[in-house]
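For reference, the structure is listed below as structure tokens.
Just so it is clear, none of the values below were taken in a lab; they were calculated from the coordinates. Keep in mind that what you see is a predicted model, and the values were worked out from it rather than measured. Cβ: placed from backbone, ideal geometry, glycine included. Neighbour counts: every protein chain shown.
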Amino acid sequence: MSKIEVRNLKITDYMELKKSMIEAYKNWENSHWKEHHIQALLEKFPEGQICVLVDDKIVGSALSLIINYDDFGDDHTYRQVTGNFTFETHDADGDVLYGIDVFIHPEYRGLRLGRRLYEARKELCEQLNLRSIMAGGRLPNYNEYADTLKPREYIEKVRMKEIHDPVLSFQLANDFHVRKVLKGYMPGDEESMAFASLLEWNNIYYSKSQKLINTVKSIVRLGLVQWQMRPFANMDQLCEQIEFFVDAVSGYKSDFVLFPELFNAPLMAEFNHLTEAEAMRKLAQYTIPLRDKFMEFAVSYNINIITGSMPHVMDGKLYNSGFLCRRDGSFEQFDKIHITPNEVFYWGMSGGDNIRTYKTDAGRIGIMVCYDIEFPELSRLLADQGVQILFVPFLTDTQNGYSRVRNCAQARGIENECYVAIAGSVGNLPKVNNMDIQFAQSAVFTPSDFAFPTNGIKAEATPNTEMTLIVDVDLDLLKELHNYGSVRNKKDRRKDLYELKQLNRSK
């Protein structure tokens, strides 16, 4: 008699897991998860990663995320729901347990192990008080019937047991029902002819609890700082000016305040006798102390702060980095991905490689530093992770440079059906090499449809004047746009002709 055990997956299980995955997906090249994928899933949601063992050998697994289903709706793809395989879409406060994979080694498929995995998933769904389990189910036998049956007809015949489909028949036997047919759901699934069934199992024990505090907001207030470059004798003076703006913007009960790129450049004046590259590395010594100040302000003024960017030395390399300082005391670091020729030539800067969105108490946001907004692929990857607001701290010296940032930011808002907020610096720094003049007009851009301003501009600052811009944006309007807009840029891409992939880097 075989010994069968169902338990949570561990990273030390990976090599055995990989062997079973390769056997389970023999007809699907490169379909198995890499170790860094499993590591990321275990870090984000260890309870949702389940495996089954026979005689202490891993022979199958069920992998899951928790999502806020309203962020995706019924017309989503596998890449979207997994955040392009980054799993940044996992939301511990979500309402649906979403199955992203389940498989059993072919030699063990007669033992009803898949049913055990599903029972464990159902138990988890009930324990977490989630309203349902959902998944996009492959239709691996559909290719044999595609010439005579439409996907819906095929699903109906499987339901009536006139046709057997190894995935759908199993799901139906486990009390799942089909909500609709998905097209273009799974990349590389030729057996299913790019179709999938959207499946749901309802948790009858689900109890919707009313949240009175800490609910995700629909109306989000943004505060943009159009910062004037001016001499500061020391960091304390700089922090006084930072606190002035944080205080002013938080006084209007803003949810976010955005500072520009390299706003702390005035502190380089004392290093003007050095080369530009040396001066920038000296400026980097202020970055962590400034981050700590921002974190203090975020908590004390109850506002999420996007610090703009600052030079930051890591492992001997110079990066253009900033921080999202949440009002709950946590923080995240972001790095400029694309480095301009001047930044390389004068300062020797390197580009970062972390492409991700950030969950906040006021929506899912992305942060792209200046030049990054001029690369549409980058923002599209963030859109696939569910970004609602893109924040763009920038620094431009001429109107030409500003026009590139502005026009590209406005295009990104239309393409990705999200809000884009840009904030830059104005004024002059006569005693700082390579940073002498600035030009900016901070603004908030919107998609272009009936629910938004006709020109796609929610608000904009006076050019080249120090000021703040306070703007309200409605996240619910984005949900309406995604599903019922005049055009639907996110959904109407011809994924049968082209697709965008993020190259996941091993840790």
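Counting alpha carbon pairs within less than 8 Å and at least 6 residues apart, what relative contact order, in whole percent, applies to the chain? For the chain, the relative contact order is 12 percent.
Treating each Cα of the range 123-185 as an identical point scatterer and summing with the Debye formula, the log10 of I(q)/I(0) at q = 0.14, 0.15, 0.20 Å⁻¹ comes to -0.44, -0.50, -0.79.
Projecting the Cα atoms of Q333, S300, L481 onto the charge dipole of the chain (Cβ charges, centred on the Cα centre) puts L481 farthest toward the positive pole. Projected label points at Q127 and K317, each 7 Å from Cα along the beta carbon direction, are separated by 4.0 nanometres.
Straight Cα distances below 14 angstrom link K18 to the aspartates and glutamates E29, E35, D101, with same-chain residues fewer than 8 positions distant left out. Report note on the peptides 275-281, 5-11, 388-394: ranked by the mean count of other C-beta atoms within 10 Å, highest first, their order is 388-394, 275-281, 5-11. Residue order for K479, K490, fewest other beta carbons within 10 angstrom first, comes to K479, K490. With an a/c value of 1.5 or above and a/b larger than b/c for the gyration tensor axes a ≥ b ≥ c computed over the alpha-carbon atoms, the chain is described as prolate.
The ranking of R364, R109 from fewest to most other beta carbons within 10 Å of each one's beta carbon is R109, R364. Using the structure shown, select from K180/K359; K10/K501; K157/K183; K19/K495; K26/K150 the pairs with a Cα to Cα distance greater than 25 angstrom. Table pairs above 25 Å Cα-Cα are K180/K359; K10/K501; K19/K495; K26/K150.
The charge dipole of the chain, taken about the Cα centre with unit charges on the Cβ atoms of Lys, Arg (+1) and Asp, Glu (-1), comes to about 760 debye, rounded to the nearest 20. Straight-distance candidates among the lysines for linking to K3, with alpha-carbon spacing under 19 Å and chain neighbours fewer than 8 residues away dropped: K57. Rounded to the nearest 20, the size of the Cβ-charge dipole of the range 361-507 about its Cα centre is 520 debye, with Lys and Arg at +1 and Asp and Glu at -1.
This model, with +1 at the C-beta of Lys and Arg and -1 at the C-beta of Asp and Glu, gives the range 1-121 a dipole about its Cα centre of some 700 debye.
Highest-first packing order for the peptide set 423-430, 290-297 is 423-430, 290-297, based on the mean count of other beta carbon atoms within 10 Å.
Only one residue of N202, M134, V167 has its Cα farthest out toward the positive end of the dipole of the range 4-202, where Lys and Arg carry +1 and Asp and Glu -1 on Cβ, and that residue is V167.
If you plug the beta carbon distance of S207 and E480 into 1/(1 + (r/R0)^6) with R0 = 30 Å, you get a FRET efficiency near 0.60. Under 1.5 on a/c is rounded, so check that first for the range 229-364, then, if it is not, pick prolate when a/b is larger than b/c and oblate when it is not; a ≥ b ≥ c are the square roots of the alpha carbon gyration tensor eigenvalues. Oblate is the answer for the range 229-364, as a/c is 1.5 or above yet b/c matches or exceeds a/b.
Label-to-label distance, K157 versus E278, with points set 7 angstrom from Cα along the beta-carbon direction: 7.8 nm.
A straight Cα-to-Cα reach below 26 Å connects K282 with the lysines K293, K317, K336, K431, residues fewer than 8 places away in its own chain not being considered. Sparse packing (at most 12 other Cβ atoms within 10 Å of the Cβ) combined with a DSSP loop state is found for none of the GluC sites (Glu not before Pro) in the range 328-397. Per-residue Karplus couplings for the range 308-313, computed as 6.51 cos²θ - 1.76 cosθ + 1.60 with θ equal to phi - 60°, are listed in order as x, 10, 8, x, 9, 9 Hz, Gly and Pro entered as x.
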